[in-house]
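Here's the structure, in structure tokens; my notes come after.
The values are calculated or read from the model by the stated rules, or taken from the named source; none is laboratory data. Keep in mind the model is a prediction, meaning the values are calculated, not measured. Note that we place each Cβ from the backbone using ideal geometry, even for glycine, and neighbour counts take in every protein chain shown. Surface areas here come from the heavy atoms of the whole protein model, side chains and all, with no ligands, DNA or RNA. Shrake-Rupley method; radii C 1.70, N 1.55, O 1.52, S 1.80 Å.
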Amino acid sequence: MSKPVKLSPSLLAADFGAFADDAVKVRDAGAEYLHFDIMDNHYVPNLTFGPDLVRALRKRSDAKFDVHLMIERPESVVEEFAEAGSDMLTIHPEATYHIHRVLGQIHDAGMKAGVALNPGTPIELIEWVLPLVDRVLIMTVNPGFGGQSFLHSMIPKIIALRRLEERDGLDFEIGVDGGISAKTAPFVVKAGADVLIAGSAVFSHISGPAAALAEIRTAAETL
Ligand code: DX5
Ligand code: ZN
């Protein structure tokens, strides 16, 4: 079986002193997306970067900017991220009171909308907004940090989500985020994932990000 996947390297594992160089490297290596992990030290314990980094890298890359908001009240920054050059905003349903409204707000701002499910969050929580969603992001680690171990127990969730999409005649991407490498990628792709987010496996690879992306793609597409 062979199925094309899209790769979204996470800047969380990049060299914080050389974001632009790393962004260019992964785009030259064929990454379709660039993943920005935005953390606020409230929704998750970590603190990272904001729309200014998106704006700065927008001048250096034509990849699709895939912005993962791990922040409380994401509705307060939607327009700012759109203006900075984001193509997609993914939010967590626990971080806002009115997820349906925020998804509409993201679309109105001209971006694709994603919803992320933590390991402990059931699909049912977002079932009624799935028709508004361009991507469901299955978290295979608890959000907040890079370099954690992949949770194999999330594989049935990916399968269940794909089945639900088919049953209800819906159309969204399934992204998987956390602990993705050439070893774990085949499991999630077989389960139905289309977009692979990977941080440490890409930027900490001994042979560099280009070799890492090639390995992940080969492993994912040769099942
Ligand atoms: C976790 C982030 C992930 C993370 C992935 O909170 O959402 O995008 O950076 O990093 P790795 O691939 O190292 O698990
Ligand atoms: Zn992420």
Inset, instruction - Could you list all residues from the stretch 69-126 that are of a type in the set (S, T, N, Q) and either within 18 Å of the chain's Cα centre (by Cα) or within 20 Å of ALA56 (Cβ to Cβ) (or both)? - result: SER86, THR90, ASN118, THR121
Inset, instruction - Tell me, yes or no, whether the stretch 117-126 has at least one residue that is out of contact with any strand residue (DSSP E or B) (no Cβ under 7 Å at 6 or more places or on another chain) and within 11 Å of ligand 2 (Cβ to nearest atom). - result: no
Inset, instruction - For the stretch 1-113, please list each of the strands (runs of 3 or more DSSP E) lying entirely inside it that holds at least 3 residues being under 27 Å from ILE206 (Cβ atoms), open to solvent by less than 40 Å² (accessible area, probe 1.4 Å) and more than 15 Å from ligand 1 (Cβ to nearest atom). - result: none
Inset, instruction - Residues being surrounded by fewer than 17 Cβ atoms within 10 Å (Cβ to Cβ) and either in contact with a Pro (Cβ under 7 Å, 6 or more places away or on another chain) or part of a strand (DSSP E or B) (or both): count how many of those fall in the stretch 119-143. - result: 2
Inset, instruction - Output the residues belonging to the stretch 146-171 that are in contact with a Leu (Cβ under 8 Å, 6 or more places away or on another chain) and either surrounded by 13 or more Cβ atoms within 10 Å (Cβ to Cβ) or part of a helix (DSSP H, G or I) (or both). - result: GLY146, LYS157, LEU164, GLU165, LEU170
Inset, instruction - State the number of residues belonging to the stretch 172-218 that are assigned to a strand (DSSP E or B) and either open to solvent by 30 Å² or more (accessible area, probe 1.4 Å) or within 11 Å of ligand 1 (Cβ to nearest atom) (or both). - result: 7
Legend entry - Filter pass, VAL133 being among the β-branched types (Val, Ile, Thr), under 22 Å from PHE81 (Cα atoms), in contact with a helix residue (DSSP H, G or I) (Cβ under 7 Å, 6 or more places away or on another chain) and in contact (Cβ under 8 Å) with a residue 12 or more places away in the chain: yes
